[in-house]
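Report on one structure; see the data block that follows.
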Amino acid sequence: MSNNKPMPAATEITAPFWEGLKAERLLIQQCNACDHWVFYPRRHCPSCLAHDLTWRDVSGGATLYSFTVARIATLPDFADEMPQKLAVVELDEGVRINTTLVGLDESEIQIGMRLQPVFAQVDEQGRRLLRFTGLDKDVQSLQQASMTDQAATEPAPAADAPRQIALDDDVGLQSLVSEAFSDWSNEIVVDQALIDAFAALSGDDYWIHTDPERARKESPFGGTIAHGALVQVLQSRLKLALGYEITGFTSMVNYGSDRLRFPAPVPAGSRIHARARVKSVERLKRGTQLTLELNTHVVGQERPSVINELVILYM
Ligand SMILES: [Zn+2]
């Protein structure tokens with residue numbers, strides 16, 4: 001898994017908290033002078049100002065204090081997590097923690113509900129982030145969920161058997177022409193590893209694609225983005241739900257493209273999918289030419305990332 005998401009940097013004061021998470025333990029400071037629980041980590045007790053705090057294990061039992069559902073990614077790197085359930089959670093010790101709810105549908109989230117911690121593993125080095133979920137959820141599977149390869153393709157929606165149209169059936173071919181797009185294809189993840197592989201293959205290793213640190217600071221997109229040409233060729237991995245099949249030809253060639261545009265960026269880590277429509281069918285001397293307008297979008301985005309008017313020649 002490739003992941004450009006910003007990661008917490010442990011400091012001398014906060015390191016025990018992050019090390020605790022790695023070991024699936026929730027450690028919170030408590031003041032030895034007045035018993036006050038302290039979070040975020042500090043040198044002194046905010047209640048009595050004593051410089052005498054001890055890290056202690058707590059159960060993680062908690063209550064949802066407040067939440068919001070973010071539908072637009074705060075950084076492009078989080079596009080794959082939308083919608084994100086950002087929450088303030090109150091531990092039974094009384095301290096509040098900013099976190100993310102996982103494994104919960106929006107309809108299940110209620111202020112005041114009981115929660116349990118999820119030590120979500122986020123990289124191969126074993127780093128974990130503290131998240132929360134409902135008491136009836138399977139914590140073990142949620143802890144690993146962020147490590148599973150989300151590129152696993154979902155099957156294309158079960159389409160009815162495609163309509164077969166013979167190449168010599170003019171009326172049938174013209175009936176394919178439509179303003180309406182097909183259903184969406186399967187989804188795939190365009191992660192940094194894929195972008196890096198394409199940069200190596202194509203020789204286009206411009207920093208806006210390959211340097212997450214610099215892109216976070218300098219790119220207008222707030223992070224790295226995929227090459228337009230990469231997103232274009234990934235069309236081969238997207239199974240279109242066209243609903244027809246042309247029969248009765250001896251060869252079919254990709255004749256090129258009438259129009260190719262990259263109107264919107266694909267941030268690293270995005271899921272993409274595509275849909276298409278038949279724009280025109282023409283019978284020419286060289287064969288029957290079908291123009292397929294194929295649009296690839298970041299999942300959930302109105303504006304396409306690639307518009308490709310593919311010309312397919314049947315002979
Ligand atoms: Zn104190």
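At-a-glance table
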quantity	calculated
Spin-label pair residue 207/residue 55, simplified geometry with 7 Å Cα→Cβ offset, distance in nm	3.6 nm
Within a Gaussian network of the chain (alpha carbon springs, distance under 10 Å), most fluctuating of 128, 271, 237	237
Added length on full extension, which subtracts the Cα-Cα distance from 0.36 nm per residue, residue 161 to residue 250	29.8 nm
Net +/- balance of residues flanking residue 297 in space, Cβ distance below 9 Å, scoring K and R +1, D and E -1	+1
Structure-based [θ]222 nm, the chain - -39500 (n - 2.57) summed over DSSP H runs of at least 4, per residue, nearest 500	-4000 deg cm²/dmol
Under 15 Å, Cβ to Cβ, from residue 247 - net charge with Lys/Arg +1 and Asp/Glu -1	-3
Which of 279, 85 has the fewest Cβ neighbours within 10 Å, and the rest in rising order	279, 85
Stretch gain in nm, segment residue 23-residue 106, where the contour uses 0.36 nm per residue and the Cα spacing is subtracted	26.9 nm
Mean Cβ neighbour count within 10 Å, used as a protection proxy, ranking 287-293, 299-305, 42-48 highest first	287-293, 299-305, 42-48
Distance between modelled label sites at residue 175 and residue 260, nm, 7 Å Cα→Cβ extension	3.4 nm
Dipole moment magnitude, nearest 20 debye, the chain about Cα centre, only Lys, Arg, Asp, Glu C-beta charged	460 debye
Segment 100-134: GluC sites (Glu not before Pro) in DSSP loop, at most 10 other beta carbons within 10 Å	124
Helix axis angle, 192-202 relative to the chain longest principal axis, alpha carbon, degrees	40 degrees
C-alpha center-to-center spacing [segment 82-146, segment 41-59] in angstrom	24 Å
Gaussian network model of the chain, springs between alpha carbon atoms under 10 Å - residue of 227, 51, 297 with greatest fluctuation	51
Packing rank of 199-205, 131-137, where each peptide gets the mean count of other beta carbons within 10 Å, highest leading	131-137, 199-205
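Coordinate-derived values only; no laboratory data. Just so you know, these numbers come straight off a predicted model, no measurement behind them. Here Cβ is always computed from backbone atoms with ideal geometry, including for glycine, and neighbour counts include all displayed protein chains.
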